[in-house]
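We did not get these values from a lab; they are worked out from the coordinates using the rules stated. These figures come from a predicted structure and were not determined experimentally. As a convention, Cβ positions derive from the backbone with ideal geometry for all residues, glycine included, and neighbour counts pool all protein chains shown.
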Amino acid sequence: MFDLNTARNIFIKGQLPESFGIDITLVEKDSVTGTLVVDHRHLRPGNIMNGGVSLVLLETMGSISTCLYIEPEKYNAFGIQVNANHLAVARPGDVLSAKSTPVHIGKTTQVWDVNITNQKGKLVSSGRITMLVTEAPLRG
């Protein structure tokens, strides 16, 4: 069963999302939620968050979400297309929450929408990721 601890161990621990400060807070039947507190690592000039951080968060949520519908012992998935609209700035101290929702769950592709909101519920970024499912184990 793919659960919160499995998601953290496979996708966060010792990898890029951990170095960005991303944490997975909820794994549901058809959704994954993660958080990130904006700090100095995420900034661009002007003391605002670099938009690329939203893309890392979006890619992370899409990758984890795909595992809700595949067997990680048999399959893996890769993002093949990602896009996002940055709708508001995020600043140091903002707590961002990213939640995935499925758009299409197929045998070889999945499409996920991911909305990123701040601690006030304001939409910061909205994106979509297409995942390619391959016959290769995620683990090992």
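D by Stokes-Einstein for the chain, Kirkwood Rh over Cα pairs, 37 °C, 0.692 mPa s: 219 µm²/s. Relative to the dominant Cα principal axis of the chain, helix 51-66 is inclined by about 20°. Legend: ranking of residues H86, H42 from fewest to most surrounding C-beta atoms inside 10 Å; resulting order H86, H42.
Can you give the calculated 222 nm mean residue ellipticity of the chain, where each DSSP H run of n ≥ 4 adds -39,500 (n - 2.57) and the sum is split over every residue, rounded to the nearest 500 deg cm²/dmol? Computed ellipticity for the chain at 222 nm equals -5000 deg cm²/dmol. Would any residue of segment 17-58 have its amide N under 17 Å from a label point 7 Å out along Cα→Cβ of N5? List them or say none. Hits in segment 17-58 for N5 at 17 Å: 24-28. The calculated FRET efficiency for E71 paired with T109, based on their beta-carbon distance and R0 = 25 Å, is about 0.90. Per-residue extension of 0.36 nm, minus the Cα-Cα distance of N47 and E28, leaves a gain of 3.4 nm for this segment. Couplings 3J(HN,Hα) for segment 9-14, derived from phi with the Karplus relation 6.51 cos²θ - 1.76 cosθ + 1.60 (θ = phi - 60°), are 5, 7, 9, 10, 4, x Hz, where x marks Gly and Pro.
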